[in-house]
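Scroll down for the structure; my scribbles are underneath it.
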Amino acid sequence: MPERMNNEILFMDAYPARQFQFTLHEDNTFLDFVIFIVNRMVLAAVLRPEILLWAIPLLLLLGTIAVLGLLVVVFLIRLYAQVTCGVYNGKARMDGKTVIVTGCTSGIGKETARDLAKRGARVIMACRNMDLAEKIKDEIVKETDNSKVIVKKLDLSLFASIREFADDINKTETKLDVLIHNAGYAQTFKKAKTEDGLEMTMATNHYGPFLLTHLLINLLKKSSPSRVVVVSSSLYRLARVNLENPNPLDTMPGYLYYVSKEANILFTKELARRLEGTGVTVNCLHPGLIDTGIWKNVPAPLSWGLALIIKGFFKTPEQGCQTTVKLAVEEKLLKTTGKYFSDCQESSVSSSASDMGKARKFWEISEKLVQLEENDPRI
């Protein structure tokens, strides 16, 4: 049995005349200690089977302590996530206002559309899957008793679809108070190219919203004060926009999702600068890590462990839409522009994402890649 001796733990092995020591150092972990004990127990059990009478209960005790410790850590992390989760409790109404939300058949987009409908807004759901969008619309209308919810076709990976959607909006809508760029696309390994020759992730998450904003900018200016809200992510810190390779067809899509999130921030800051004095504000946000369908493209076996993390620690879509809703409706933010928010509070960004020189150059590159036509509005 072990005896405590100062900073050392002394053990007797199967031969009483011999001793071995485990010296506690600052860099030793609890796991190191457990592994040491287990190894010595196995050796002792082989030489002295009677040692199993106390060794097995000790192992069970150590295992129980380890499991309980893990559960406590998980509980504390979950509790911290809940306590620090930003919640928007504002009662602002949106009656008489028109809002476009892209990508709202699931996740935070769906919850954003639901919340805005509850506030009385005319909500235009801009979606690829029309059948699913219609079902979601009926669900929202029934729940909110707001019949001013409509669905329109939009595929942000296709310039033709974007132009058709924008043309429809400009012809049928007299005002546009808020444009929310929520739609997002992510793949882990599967590379794809759009019909316009762009990498799919960058096209859907950046170049599509970039073009759509240009085509709707006159309506936004006409409706001022109006707002543009861009859903980014703090995962942008894992990557950088490469101005030398703005259409990275050969890069792993999983990495490009992070790149597109920095692109969202650079776009937000340059757009806000260009719209100064127009009455149109632009802000972006990190919604948190959300349990949404965007993770469904992660392949097995990576998805197995990820599923446990998502269910244990990620926000729900309802929690994730809080910052988006605040930026869209809060009266105190009417003149706030060019900022980045997280958990309903203004937050800072990295030096790369706040580089206005980089933002300006990326804007000019984006103008060429989205193939702006001669009669298209310029910002």
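Observations on the structure shown:
- Residues of the stretch 342-379 satisfying the condition of being within 19 Å of Leu212 (Cα to Cα), acidic (Asp, Glu) and outside any helix (DSSP H, G or I): Glu373, Glu374, Asp376
- For Thr201: the one exception among (1) under 25 Å from Leu275 (Cα atoms); (2) under 18 Å from the mean Cα position of the chain (by Cα): (1)
- Close contacts from the stretch 111-135, counting a first residue that is closer than 19 Å to Lys153 by Cβ and modelled with pLDDT of 95 or more and a second that is assigned to a loop (DSSP other than H, G, I, E, B) and among the hydroxyl-bearing types (Ser, Thr, Tyr), with Cβ to Cβ under 7 Å and a gap of 6+ residues or different chains, come to Cys127/Thr105; Asn129/Thr105; Leu132/Thr105; Ala133/Thr105.
- Output for the stretch 312-341, where each listed residue is within 18 Å of the chain's Cα centre (by Cα), closer than 15 Å to Asn283 by Cα and assigned to a loop (DSSP other than H, G, I, E, B): Cys321
Condition check ((1) at pLDDT 95 or above; (2) over 19 Å from Ala239 (Cβ atoms)) across all residues:
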position: Phe313; (1), (2): no, yes
position: Gly320; (1), (2): no, yes
position: Val329; (1), (2): yes, yes
position: Leu334; (1), (2): yes, yes
position: Ser342; (1), (2): no, no
position: Glu346; (1), (2): yes, yes
position: Lys368; (1), (2): yes, yes
position: Leu372; (1), (2): yes, yes
position: Ile379; (1), (2): yes, yes
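- Among the numbered conditions (1) over 27 Å from Pro225 (Cβ atoms); (2) at pLDDT below 90, the only one that Ser352 does not meet is (2).
- Scanning the stretch 239-282 for residues that are in a loop (DSSP other than H, G, I, E, B) and buried (at least 24 other Cβ atoms within 10 Å of the Cβ) yields one hit, Val241.
- Cβ-Cβ contacts under 8 Å between residues 6 or more apart (or on different chains), taken from a first residue in the stretch 256-268 that is closer than 25 Å to Ile217 by Cβ and of a type in the set (D, E, K, R) to a second residue that is part of a helix (DSSP H, G or I) and open to solvent by less than 10 Å² (accessible area, probe 1.4 Å), are listed as Lys261/Asn205; Lys261/Tyr236; Glu262/Tyr236.
- For the stretch 220-238, filtered to residues that are surrounded by 21 or more Cβ atoms within 10 Å (Cβ to Cβ) and not in a loop (DSSP other than H, G, I, E, B), the residue that is modelled with the lowest pLDDT is Tyr236.
- Of the residues making up the stretch 65-110, those that are at pLDDT below 75, within 22 Å of the chain's Cα centre (by Cα) and of a type in the set (Val, Ile, Thr) are Val74, Ile77, Val83, Thr84.
- Qualifying residue in the stretch 196-211 (condition: assigned to a helix (DSSP H, G or I), of a type in the set (Phe, Trp, Tyr) and buried (at least 23 other Cβ atoms within 10 Å of the Cβ)): yes
The values are calculated or read from the model by the stated rules, or taken from the named source; none is laboratory data. Fair warning: this is a prediction, and the values are worked out from it, not measured in the lab. Please note: Cβ atoms are built from the backbone with ideal geometry, for glycine as well, and neighbour counts cover all protein chains shown. Quick note on the areas: whole protein, heavy atoms, side chains included, nothing else; ligands and nucleic acids left out. Shrake-Rupley method; radii C 1.70, N 1.55, O 1.52, S 1.80 Å.
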